[in-house]
Structures are given as structure tokens and as C-alpha cells.
Amino acid sequence: MALKEILYESQEYDQMIQLRLDILRKPLGLSFTPDELKKEQQDILLGSFEDNRLLACCVLTPENEQTIRLRQMAVEYHQQGKGVGASLLRFAENIARDRGFTYITMHARDGAIGFYESNGYRKDGELFMEVTIPHYKLVKKIKG
């Protein structure tokens, strides 16, 4: 399994969009707008690959000098529970730390809270609705 940064508008990025659509958006009846995708030009795009096939991905979006937000974490259905997501999460944390960030935040779906808590994240606030489903804001200190 190879963990690496994905270039915006590359063939790997096309795989990333498709995986996120399949896992995160289509089940909710949602898709991406061109404006949403255009904003990702400045983000850090990460993926886990096996034989050039994307298994998992996530997006890191800087919020300020200290905090980066993890978004759009998606793992192929048949790869879930096999450590692929945890490996990608550690990779994302290392990338964020190497680039000088102290905290990672995210809006995590209620059903994924156990995964993130087992990886050191904690709830920061009350349950809220986002893209029609319950979420919590989570945070983890990754440096200092």
C-alpha cells in the first residue's frame, strides 16, 4: 500500500472524486459542484493506493496558521475495518505536522466517531446537522 499526495486535476484526483462520490455523496443523494472542486486547488489531497487503484482518500484544508481541517475521508467499502483508513489518517497527521500545524479538526459523521476517538480525536461541542446527517466537531493536537 502506497500513501501519497494527489495532484489536483490528475487521473488520481479523478479517482478521488469518484471514491468520495460513491462513499460519501451518492448515499445522501448529493454530488459535487464545480465550485466545490475548484476550491480544492489549494488543499492537500491524500490517498492510499494499491497497484495504482485508490483505496482511501482525504482532504486537508488549512483553517489558520495552527489548525488544519480534515475533510472528505473515504475508504472503499471492502477496505473498511482493515487498517487502511487508520494508516491514511496517521499519514495525514504527519503531513499536517510536517507543514507546521498544531491541531487537526473535522466534522465527523456520527457513525464514524468511534473510529476517530480510537485514533486520539475528541469531541468539541454538541451534535449538529450537516449534509442532512448528524456530525460532531472533533479535534486532535498533533504537535507540541
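Where a number appears in this text, it was derived from the coordinates with a stated rule and is not lab data. Fair warning: this is a prediction, and the values are worked out from it, not measured in the lab. Heads up, the Cβs are rebuilt from the backbone with ideal geometry, glycines too, and the neighbour counts pull from every protein chain shown.
Cross-link check: pairs LYS38/LYS143; LYS26/LYS141; LYS26/LYS143; LYS38/LYS137; LYS4/LYS140 evaluated at a Cα-Cα cut-off of 28 Å; pairs beyond the cut-off: LYS38/LYS143; LYS26/LYS141; LYS26/LYS143. Across every direction, the projection of the convex hull enclosing the Cα atoms of segment 34-79 has a mean area of 4.2 nm².
Short-range pairs are left out: with C-alpha atoms under 8 Å and at least six residues apart, the relative contact order of the chain is 19 percent. Note on the chain: helix-only mean residue ellipticity at 222 nm, from DSSP H runs of 4+ residues weighted -39500 (n - 2.57) and normalised by residue number, equals -7000 deg cm²/dmol. Each Cα pair under 8 Å and six or more residues apart adds its sequence gap; the mean of these over the residue count of segment 21-99 is a relative contact order of 24 percent. All C-alpha pair distances within the chain, sorted into 5 Å bins from zero, spread as 2, 10, 19, 24, 23, 17, 5, 1, 0 percent across the bins.
Taking 0.36 nm per residue of sequence separation and removing the Cα-Cα distance, the LYS82/LEU30 pair yields an extension gain of 16.0 nm. Compactness of segment 79-124 is given as radius of gyration and Dmax, 11.2, 31 Å, from Cα positions. Here PHE128, PHE101 are placed in order of increasing Cβ neighbour count within 10 Å, fewest first, which gives PHE128, PHE101.
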